[in-house]
Amino acid sequence: MEDKSKENLETQVIHAGYEPDEATRSVSPPIYQTSTFAFESAEQGAALFAGKEKGFIYTRLGNPTIEALEKAVASLEKGIRALATSTGMAAVSTVYMALLEKDTHMIGTAALYGASRVILETEFARYGVTSDFVDTSNLEEIKKKIKKNTRLLYIESPANPTMAMTDIQGCAQIAREHGIILVVDNTFASPILQNPLELGADVVVHSVTKFINGHSDVVGGIIVSQREELHERLAKVLHLLGGTMDPHQAWLVLRGLRTLYLRVEKAQDNARKLAAWLESHPKVAWVNYPGLPSHPQFELMKKQMKGPGSMISFGLRGGYEAGLKLINSVRLCTLAVSLGGIETLIEHPASMTHAVVSKKEKEEAGITDDLIRLSVGCEAYEDLRADLEQALEYD
Ligand code: LCS
């Protein structure tokens, strides 16, 4: 296959990972809907299992349709290899399982997606793994928590749902100095706007449920590595745990991926305008959007991202009560969790996506009761603004 890595992202997103195959010349990749692959002989089966010959064995261990998606996302993220998973949480938990050991420690961003944090505090804690969640926007907070047994620094930037940003290059330097692996959940930015591996991260994870698939019709995840030995370690654990993707799911995600660039551009354009409009609205108390000069890390966004994306969090002067009125009054925006789809979604993280996180930890992470999260989609800006305008007409 031709090396696509030199092409512009706009081109890669359309072509990476697949070329018309020799047998049929089909332009769209075939869906290899099979659980297993026939061996030519007993000897060949043994050679495949022994790793002496390359080829497909069994879909949990690899499948051509899934591989097409993995190659495409690895290329977009500037990684060497990728592993597609059944959900975003399968990617996150595989990373934790592969890179943490009994009696080791990890440091994470306080405002992580709720389940990515809680699985450490409740489930991995049962195996002697300890964790500290800090405001990773402040690199000093990370340094303060490093211990002899710290193995993993796990960050989200921008973070779900506060939109706080973390200096990825700064984290990579700290990680290198202490022999720690840096993993970045790049779900909110997508590979179009941010490539953490180029900024020094070791591994990137995505919930492909979000921007990469982009149509709110599939759940999935992916792990991209920057080094062969990390990929091998992650692959071994994923194949044993079994949280792998299915070929039909992979085909749908690859289909969604082909329009990622167009969707990200359009949604970001809408979000820039909506964030500025919200910020000037008399009923709005605050807006957190990395594309606004008022965002505390506006300069960092310009340094490490190609654009601020399409996620906005904001609070109303009327606080929680007013927020509920707003989200119950929208007509075009859909009241639903998840994000990164073509349709605009609105939700209340404190009682929904981050409900599993304790009240005290939510407060420390900045997930306040008045915070409303908006995942801006690809509708016409004027229609979105009109919808929010009418929903803000409460007394
Ligand atoms: N990482 C991030 C940043 C996420 O936002 C999510 C899900 C996950 C990982 C897990 O991915 P999943 O297993 O759901 O594919 N975030 C959600 C959210 O904010 N609303 O609903 C799900």
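Couple of notes before you dig in:
- Given Lys71/Lys273; Lys303/Lys362; Lys78/Lys302; Lys266/Lys302, the pairs whose alpha carbons are separated by over 23 Å: Lys71/Lys273; Lys303/Lys362
- Amide hydrogen proximity for Ala164: with H placed 1.01 Å from N in the peptide plane, the residues at 5 or more positions away or on another chain lying under 5 Å are Ala159.
- Each helix, a run of at least 4 DSSP H residues, gives -39500 (n - 2.57); summed and divided by the residues of the chain, these come to -11000 deg cm²/dmol at 222 nm.
- Here the spin labels are modelled as points 7 Å beyond Cα on the Cα-Cβ line, and at Ala355 and Glu393 they lie 3.1 nm apart.
- Compared with the dominant principal axis of the Cα atoms in the chain, helix 228-241 is inclined by about 90°.
- Antiparallel bridges, percent of DSSP beta bridges restricted to the chain (to nearest 5): 55
- Cβ-Cβ FRET estimate between Ser329 and Lys54, R0 fixed at 56 Å, reported to 0.05: 0.45
- Cleavage-rule hits (GluC sites (Glu not before Pro)) in segment 23-119: DSSP loop, at most 16 neighbouring Cβ within 10 angstrom: Glu40, Glu53, Glu101
- Within the shell of other residues whose beta carbon sits under 10 angstrom from the beta carbon of Leu99, the net charge comes to 0, with Lys and Arg scored +1 and Asp and Glu -1.
- Residue exposure sequence - Asp185, Asp135 - by fewest surrounding Cβ within 10 Å: Asp135, Asp185
- Rounded to 10°, Cα long-axis angle of helix 319-329 versus longest principal axis of the chain: 70
- Cleavage-rule hits (trypsin sites (Lys or Arg not before Pro)) in segment 92-146: DSSP loop, at most 11 neighbouring Cβ within 10 angstrom: Lys102
- Residues Ser116, Ser207, Ser329, arranged from fewest to most other Cβ atoms within 10 angstrom of their Cβ, appear as Ser329, Ser116, Ser207.
- Residues whose amide H lies under 5 Å from that of Gly108, counting only those 5 or more places away or on a different chain, are Asp132, Phe133, Val134, Tyr154; hydrogens are built 1.01 Å from N in the peptide plane.
- Cβ-based exposure ranking for Phe133, Phe188, in which fewest neighbours within 10 Å come first: Phe133, Phe188
- Partner aspartates and glutamates for Lys360 [C-alpha distance under 19 Å; skip if fewer than 8 residues away on the same chain]: Glu121, Asp132, Asp135, Glu141, Asp369, Asp370
- C-alpha long axis of helix 64-76 to longest principal axis of the chain, angle in °: 50
FYI, it's all coordinate maths here, none of it is from the lab. Keep in mind that this is a model prediction, so the values were computed, not measured. All Cβ positions, glycine included, derive from the backbone under ideal geometry; neighbour counts span all protein chains shown.
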